[in-house]
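Contents: one structure, followed by commentary.
The values are calculated or read from the model by the stated rules, or taken from the named source; none is laboratory data. Because the structure is predicted, anything quoted here is derived from the model rather than measured. With ideal geometry, Cβ positions are generated from the backbone for all residues, glycine too; neighbour counts draw on all protein chains shown.
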Amino acid sequence: MIKLILVKDWSHFGNRTTNFIVNKYMSKFISLLHVDEWKRVQAIITPAFTSSKIKRMFNLINECGNRSVKEFSKLANLSEIINLKIRFGAYSLDVIASVAYAAKANTNEHETSKFATSAKDFLQFPIYRVLATLLLPSSLLEYFQFSIFKPEAMEYFVNMSKKLIEERKKSSTKYDDFLQMMIDVESTHINNDDFKDINEPNFTSETNEEIEANTKKVLKFSSREKKLLEDEIVAQSLLFLFAAYETTSTTLTSIFYLLAVHSNIQDKLYEECKKHFQSNDNISYEQLNNCDYLQAVISETLRYFPSASAAERETTSEYTFEHRNLHLEKGKLVWIPIYAIHYNPEFHPEPEIFRPERFLPENIHKIKPYTYLPFGAGPRNCIGMRLALTTIKTLTAKLILKYRFVRCEETIFPPQFEIYSVGLLQMKPTKIQIEKRN
């Protein structure tokens, strides 16, 4: 059924719920667009997230990683207990500022900067806003323009994006960032390298059917007029800030928590990274993608602690699962329980054990398609998964080469989770200690 919903008959399940859309920018988030409008925007934006484009951005990500390593060095010298989410949140914001806006936020050192404080306000959701968004009628939320995002913070990033768009259009200087790629979309075309990248698997378990479906969605619309309106560019920039921050900071927190409580796995990862890289500064994009155990650790982390506990789709027309004798009317929501699937022993033996070896090249074929869904699957999966994985791999390799992460008295084990997190799986404040390697 998952294959039918997400891939084979995905166009019948092409929408997502929009009950909490309350302003013109949220209504243009690509993740929330109606399927017909989504096809146009997705086809335009997809080339910005190909491997060749991310490779061009890699130096920016690498610089952010180096700055983060220096901050961890200060903490190691002081033998402080660290809150992982705070530290990785700072790195995530630094990457977003660099990759999305070509700005050096350096939020580790400048926590009181306008960008950093506004981002923190934008990304913190008070419980009353979450509950109101989930429980109140959408008409009432729209009338009062009430959303999970604080209006002052959203206004700051809207104005900043508009100002940058205006400056970029007047300037002859070009930047290798997400904003520039959206601005330039009218004058660019999808070249052979982009088509090659689009056909590459996005992560370890993507099937040939998914790759074919993803390619068709781009080919179908590549001949149409390509243009994003200013409000559409601003909207994707806001979504990029929200989605990239949560995915990156939460996954990194999970990775280093799990490595701290599984020292043997941390040792194996260190040995692989030491073999591939001469130092934490000397990391290349190509070498990073050749680290099988690093990829396996990240993949198993995303199985063990998937960022989203479930995926949802809304039917765009009537649909019947003939083999199940199940009929759905148009507009019905379908939920896919990602967390439950990841912990089903039929699909993942001994699911409660953190075992990266499941995702090594010699074992990956044992994972049944559509039973591993950290980024969803099919055409409406996470468009930024390549960028997220590159950002996560980069800092993981840099940190593991220089520091050892260990449990302390304040490390909570087994982990505890927040009771509200806007559909995301988030651990409560996770604290560990770090030690410098010899």
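Condition check: assigned to a helix (DSSP H, G or I), free of Cβ contacts under 8 Å to residues at least 12 places away in the same chain, on the phi < 0 side of the Ramachandran plot and surrounded by fewer than 23 Cβ atoms within 10 Å (Cβ to Cβ). Does residue 85 satisfy that? So that I can check it myself, show each step before the final result.
Numbers: assigned to a helix (DSSP H, G or I): yes; free of Cβ contacts under 8 Å to residues at least 12 places away in the same chain: no; on the phi < 0 side of the Ramachandran plot: yes; surrounded by fewer than 23 Cβ atoms within 10 Å (Cβ to Cβ): yes.
For residue 85, the condition - assigned to a helix (DSSP H, G or I), free of Cβ contacts under 8 Å to residues at least 12 places away in the same chain, on the phi < 0 side of the Ramachandran plot and surrounded by fewer than 23 Cβ atoms within 10 Å (Cβ to Cβ) - is not met.
Return a yes/no flag: does the range 334-349 have any residue that is touching a Phe, Trp or Tyr at 6+ places or on another chain (Cβ under 8 Å) and over 26 Å from residue 261 (Cβ atoms).
Taking every residue of the range 334-349 in turn, at least one turns out to be touching a Phe, Trp or Tyr at 6+ places or on another chain (Cβ under 8 Å) and over 26 Å from residue 261 (Cβ atoms).
Suppose the filter is without any contact (Cβ under 8 Å) to a residue 60 or more places away in the chain and either over 23 Å from residue 280 (Cβ atoms) or basic (Lys, Arg) (or both); does residue 67 pass it? Show your work before the answer.
Details: without any contact (Cβ under 8 Å) to a residue 60 or more places away in the chain: yes; either over 23 Å from residue 280 (Cβ atoms) or basic (Lys, Arg) (or both): yes.
Considered against the rule, which asks whether it is without any contact (Cβ under 8 Å) to a residue 60 or more places away in the chain and either over 23 Å from residue 280 (Cβ atoms) or basic (Lys, Arg) (or both), residue 67 comes out as yes.
Please verify whether residue 53 is in contact (Cβ under 8 Å) with a residue 60 or more places away in the chain, part of a loop (DSSP other than H, G, I, E, B) and more than 16 Å from the chain's Cα centre (by Cα), treating the condition exactly as stated.
Numbers: in contact (Cβ under 8 Å) with a residue 60 or more places away in the chain: yes; part of a loop (DSSP other than H, G, I, E, B): no; more than 16 Å from the chain's Cα centre (by Cα): yes.
Against the criterion (in contact (Cβ under 8 Å) with a residue 60 or more places away in the chain, part of a loop (DSSP other than H, G, I, E, B) and more than 16 Å from the chain's Cα centre (by Cα)), residue 53 does not qualify.
With the condition kept exactly as written, say whether any residue in the range 341-348 is within 27 Å of residue 401 (Cβ to Cβ), surrounded by 13 or more Cβ atoms within 10 Å (Cβ to Cβ) and modelled with pLDDT of 95 or more.
No, there is no match, as no residue in the range 341-348 is within 27 Å of residue 401 (Cβ to Cβ), surrounded by 13 or more Cβ atoms within 10 Å (Cβ to Cβ) and modelled with pLDDT of 95 or more.
Testing residue 264 on (1) free of Cβ contacts under 8 Å to residues at least 60 places away in the same chain; (2) more than 30 Å from residue 402 (Cα to Cα), one condition comes back false. Which one is that?
With (1) free of Cβ contacts under 8 Å to residues at least 60 places away in the same chain; (2) more than 30 Å from residue 402 (Cα to Cα) applied to residue 264, the lone miss is (2).
Please name all residue pairs, on different chains or six or more residues apart, with Cβ atoms under 6 Å, provided the first residue is in the range 328-339 and is more than 24 Å from residue 372 (Cα to Cα) and the second residue is assigned to a strand (DSSP E or B).
328/319
Going through the range 164-181 one residue at a time, which ones are in contact (Cβ under 8 Å) with a residue 40 or more places away in the chain and of a type in the set (D, E, K, R)?
Pass one, the range 164-181, residues in contact (Cβ under 8 Å) with a residue 40 or more places away in the chain: 164-165, 175-181.
Matches in the range 164-181: 176, 177.
Where residues in the range 320-334 are exposed (fewer than 12 other Cβ atoms within 10 Å of the Cβ) and among the charged types (D, E, K, R), which of them is nearest to residue 9 (Cα to Cα)?
Filtering first and then ranking leaves 322.
Could you list, in sequence order, all residues of the range 287-309 that are among the hydroxyl-bearing types (Ser, Thr, Tyr), within 15 Å of the chain's Cα centre (by Cα) and within 17 Å of residue 264 (Cα to Cα)? Lay out the reasoning, then the answer.
Step one: of the range 287-309, the residues among the hydroxyl-bearing types (Ser, Thr, Tyr) are 293, 299, 301, 304, 307, 309.
Among the residues that remain, those that are also within 15 Å of the chain's Cα centre (by Cα) are: 299, 301, 307, 309.
The one that is among the hydroxyl-bearing types (Ser, Thr, Tyr), within 15 Å of the chain's Cα centre (by Cα) and within 17 Å of residue 264 (Cα to Cα): 301.
Return a yes/no flag: does the range 58-71 have any residue that is over 26 Å from residue 174 (Cα atoms) and surrounded by 22 or more Cβ atoms within 10 Å (Cβ to Cβ). Walk me through it before giving the result.
Taking the range 58-71 and keeping what is over 26 Å from residue 174 (Cα atoms), we get 68-71.
Narrowing further to those that are surrounded by 22 or more Cβ atoms within 10 Å (Cβ to Cβ): 68.
Looking through the range 58-71, at least one residue is over 26 Å from residue 174 (Cα atoms) and surrounded by 22 or more Cβ atoms within 10 Å (Cβ to Cβ).
Quick one: in the range 349-384, which of the residues that are within 12 Å of residue 308 (Cβ to Cβ) and outside any loop (DSSP other than H, G, I, E, B) is modelled with the lowest pLDDT?
First, the residues of the range 349-384 that are within 12 Å of residue 308 (Cβ to Cβ): 373-376, 381-382.
Right, trim to outside any loop (DSSP other than H, G, I, E, B) and you get 374, 376.
Values: 374: 93, 376: 90.
Per the criteria, the residue is 376.
If you go through the range 92-113 one residue at a time, how many are farther than 18 Å from residue 252 by Cβ, at pLDDT below 80 and either part of a helix (DSSP H, G or I) or hydroxyl-bearing (Ser, Thr, Tyr) (or both)?
2
Of these, 212, 152, which one is among the charged types (D, E, K, R), at pLDDT 70 or above and either under 30 Å from residue 300 (Cβ atoms) or assigned to a helix (DSSP H, G or I) (or both)? Give the steps one after another, and end with the answer.
Values: 212 fails: at pLDDT 70 or above.
When all the criteria are applied, what remains is 152.
With respect to residue 27, determine if the residue is within 22 Å of residue 335 (Cα to Cα) and either outside any loop (DSSP other than H, G, I, E, B) or modelled with pLDDT under 90 (or both). I'd like the intermediate steps shown before the answer.
Numbers: within 22 Å of residue 335 (Cα to Cα): yes; either outside any loop (DSSP other than H, G, I, E, B) or modelled with pLDDT under 90 (or both): yes.
It is true that residue 27 is within 22 Å of residue 335 (Cα to Cα) and either outside any loop (DSSP other than H, G, I, E, B) or modelled with pLDDT under 90 (or both).
Please specify each residue of the range 258-292 satisfying the condition of being at pLDDT below 95 and of a type in the set (Phe, Trp, Tyr).
Within the range 258-292, 277, 285 qualify.
Take residue 403 and decide whether it is surrounded by 16 or more Cβ atoms within 10 Å (Cβ to Cβ), more than 15 Å from the chain's Cα centre (by Cα) and more than 28 Å from residue 280 (Cα to Cα).
Details: surrounded by 16 or more Cβ atoms within 10 Å (Cβ to Cβ): yes; more than 15 Å from the chain's Cα centre (by Cα): yes; more than 28 Å from residue 280 (Cα to Cα): no.
So residue 403 fails the test.
Quick one: would you say residue 405 is over 30 Å from residue 126 (Cα atoms) and assigned to a loop (DSSP other than H, G, I, E, B)? Reasoning before the result, please.
Values: over 30 Å from residue 126 (Cα atoms): yes; assigned to a loop (DSSP other than H, G, I, E, B): no.
Spelling it out, it is not the case that residue 405 is over 30 Å from residue 126 (Cα atoms) and assigned to a loop (DSSP other than H, G, I, E, B).
Which of the residues that make up the range 230-249 are in contact with a Ser or Thr (Cβ under 6 Å, 6 or more places away or on another chain), modelled with pLDDT of 90 or more and of a type in the set (S, T, N, Q)? Step through it out loud before you land on a result.
Going residue by residue through the range 230-249, those that are in contact with a Ser or Thr (Cβ under 6 Å, 6 or more places away or on another chain) are 234, 237, 245, 247-249.
Now narrow it down to the ones that are modelled with pLDDT of 90 or more: 234, 237, 248-249.
Once the filter is applied, which keeps residues that are in contact with a Ser or Thr (Cβ under 6 Å, 6 or more places away or on another chain), modelled with pLDDT of 90 or more and of a type in the set (S, T, N, Q), the range 230-249 yields 237, 248, 249.
List the helices (runs of 4 or more DSSP H) inside the range 233-310, counting only whole elements, that have at least 1 residues being more than 30 Å from residue 417 (Cβ to Cβ) and among the aromatic types (Phe, Trp, Tyr). Before you say what the answer is, go through the steps one by one.
Details: elements: 263-276, 285-288, 292-304.
Hits in the range 233-310: 285-288.
Identify the single condition in (1) touching a helix residue (DSSP H, G or I) at 6+ places or on another chain (Cβ under 8 Å); (2) free of Cβ contacts under 8 Å to residues at least 40 places away in the same chain that residue 37 does not satisfy, given that it satisfies every other one.
(1)
Exactly one condition in (1) at pLDDT 95 or above; (2) crowded, with 17+ Cβ neighbours inside 10 Å; (3) of a type outside the set (Gly, Ala, Ser) is not met by residue 315; state its number.
Unmet condition: (1).
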